[in-house]
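Novice: Structure below; questions to follow.
The values are calculated or read from the model by the stated rules, or taken from the named source; none is laboratory data. Because the structure is a prediction, the values reported are computed rather than measured. Cβ placement follows ideal geometry from the backbone for every residue including glycine, while neighbour counts extend to all protein chains displayed.
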Ligand code: ADP
């Protein structure tokens, strides 16, 4: 027997002599045997362990036409058991049993040789039947896999995005038709070659390498934004992700390329217009604020309480507009990849001291207790002065804005490795955990009872993240609603 080393035979006969003889013959050849003396007993065995019987040697001379009824029952149940009937003369009922599904008939007056001639044929038939089943199953699997692969490729080719997939060593394993059109790719040029070796893709190799390392934080320039890369005359928005197997292990990378050339041109024009308007508004607003301050402070003559109140409100609104204009300009700069304008050696302690002093007035107006603790021996850090200042201003002004009257704000600056670590803790309203992931998105503002009256643009933290990323630093938040918030910014010695 080729399929299994031994086969399982069930012998069903009420003639004990025949039963024992068959049993002995089958056992002698190393096969396994079970016996039953009635149809009921045989059915019991088959129903309890259907896989335990390969061949049934079934007497057609069981009382009350029993053998024949068992053949029919098994046939109806589409049983895989191969039935060999046994009868005195293998006459009409044996032929009828074969019509009903039995394979052959053995005369009960058999010799050992005759028995094995018939049995071996049955075993061979069983082997062929099993092999056919396996082949059919395999063919069905191959057909459905081919169908799946074809369907999948049709779906990928219908995408409006270019898709390039690599293995864990950044060798290209798949790309769709849109990617072929964007980069003018052919299978011979790129398939199974490393992205960095493909002339048309190598400028994007860092995206695939980062995705393979699962370093998604590096693949975006700003929170909630995908980088746009200019390649030739095209502008492509890129989104690269690691490809993981079922166990969660990274086995490759997949990058989507969206051709945004037209949109980018429009965006650029719109952005330039915003920058221009903001620039034009900045100087008149600053002089308006100065003049209002002179009047509110009584330097241009005494004011009635009503006048002082109205002009004070006008002054606050003007301050808000200046913040908005500054935020728009900062944000544009980061969007254009210009968050670092000039790299220089920075005295971060001095920048922080000045910023805290600058904000002292607004913290005192709110009755907040601001404590600043700057470590003495800080390493020299290089970076963009304006950028680092903007990080401090945004985080300190947020702590002041979102901490109710009488609260505390603690600011500290310490050494961290070769760089510095800035930490600001407030006892303010706090941030819910589901919002923490989103506060760095541009224009994201949390609207609660406590924050509704606080003015802002929702740009401050996206500016902070953009600047810190550009310095190769890290910003981290911890918060507890009603207890307060801590922002930690780590800046390396050099960007
Ligand atoms: P905004 O101009 O609204 O302050 P930001 O980008 O600076 O914009 O902040 C986004 C949101 O994050 C804010 O609207 C606020 O809800 C929340 N947030 C920022 N800093 C704090 C803080 N220190 N305490 C509580 N909430 C904060």
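Novice: Can you give me the number of residues within the range 451-464 that are free of Cβ contacts under 8 Å to residues at least 24 places away in the same chain and either assigned by TED's automatic domain parsing to the domain that holds residue 318 or within 8 Å of the ligand (Cβ to nearest atom) (or both)?
Specialist: Of the residues in the range 451-464, the ones free of Cβ contacts under 8 Å to residues at least 24 places away in the same chain are 452-453, 458.
From what is left, the residues that are either assigned by TED's automatic domain parsing to the domain that holds residue 318 or within 8 Å of the ligand (Cβ to nearest atom) (or both) are 458.
Qualifying residue count, the range 451-464: 1.
Novice: On to the next question. Identify, from the list 303, 299, 292, the residue that is without any contact (Cβ under 8 Å) to a residue 12 or more places away in the chain, outside the structural domain of residue 194 (by TED's automatic domain parsing) and either crowded, with 16+ Cβ neighbours inside 10 Å or in a strand (DSSP E or B) (or both). Even if it seems obvious, please write down each step before you answer.
Specialist: Numbers: 299 fails: either crowded, with 16+ Cβ neighbours inside 10 Å or in a strand (DSSP E or B) (or both); 292 fails: without any contact (Cβ under 8 Å) to a residue 12 or more places away in the chain.
Of the residues listed, the single one that is without any contact (Cβ under 8 Å) to a residue 12 or more places away in the chain, outside the structural domain of residue 194 (by TED's automatic domain parsing) and either crowded, with 16+ Cβ neighbours inside 10 Å or in a strand (DSSP E or B) (or both) is 303.
Novice: Only one of 387, 383 is within 16 Å of the ligand (Cβ to nearest atom) and under 13 Å from residue 346 (Cβ atoms); which?
Specialist: Checking each option against the conditions leaves just 387.
Novice: Tally time: how many residues in the range 465-495 are at pLDDT 95 or above, within 10 Å of the ligand (Cβ to nearest atom) and within 26 Å of the chain's Cα centre (by Cα)?
Specialist: Qualifying residue count for the region: 2.
Novice: Helices (runs of 4 or more DSSP H) wholly in the range 57-166 with at least 1 residues that are touching a helix residue (DSSP H, G or I) at 6+ places or on another chain (Cβ under 9 Å) and in the same structural domain as residue 243 (by TED's automatic domain parsing) - which ones?
Specialist: Of the helices (runs of 4 or more DSSP H) lying wholly inside the range 57-166, those with at least 1 residues that are touching a helix residue (DSSP H, G or I) at 6+ places or on another chain (Cβ under 9 Å) and in the same structural domain as residue 243 (by TED's automatic domain parsing) span 112-158.
Novice: Then there is this: Select from the range 406-444 the residues that are assigned to a loop (DSSP other than H, G, I, E, B), within 8 Å of the ligand (Cβ to nearest atom) and closer than 26 Å to residue 369 by Cβ and list them in ascending order.
Specialist: Residues satisfying the conditions are 428, 429, 430, 431, 439.
Novice: In addition: Consider residue 448 carefully, then state whether it is within 8 Å of the ligand (Cβ to nearest atom), surrounded by fewer than 16 Cβ atoms within 10 Å (Cβ to Cβ) and over 28 Å from the mean Cα position of the chain (by Cα).
Specialist: So residue 448 passes the test.
Novice: Considering only residues that are touching a helix residue (DSSP H, G or I) at 6+ places or on another chain (Cβ under 7 Å) and closer than 20 Å to residue 228 by Cβ, look in the range 177-203 and name the one that is surrounded by the fewest Cβ atoms within 10 Å (Cβ to Cβ).
Specialist: 202
Novice: Can you name the residue in the range 394-413 that is farther than 17 Å from residue 455 by Cβ and out of contact with any helix residue (DSSP H, G or I) (no Cβ under 8 Å at 6 or more places or on another chain) and, of all such residues, is surrounded by the most Cβ atoms within 10 Å (Cβ to Cβ)?
Specialist: This residue is 407.
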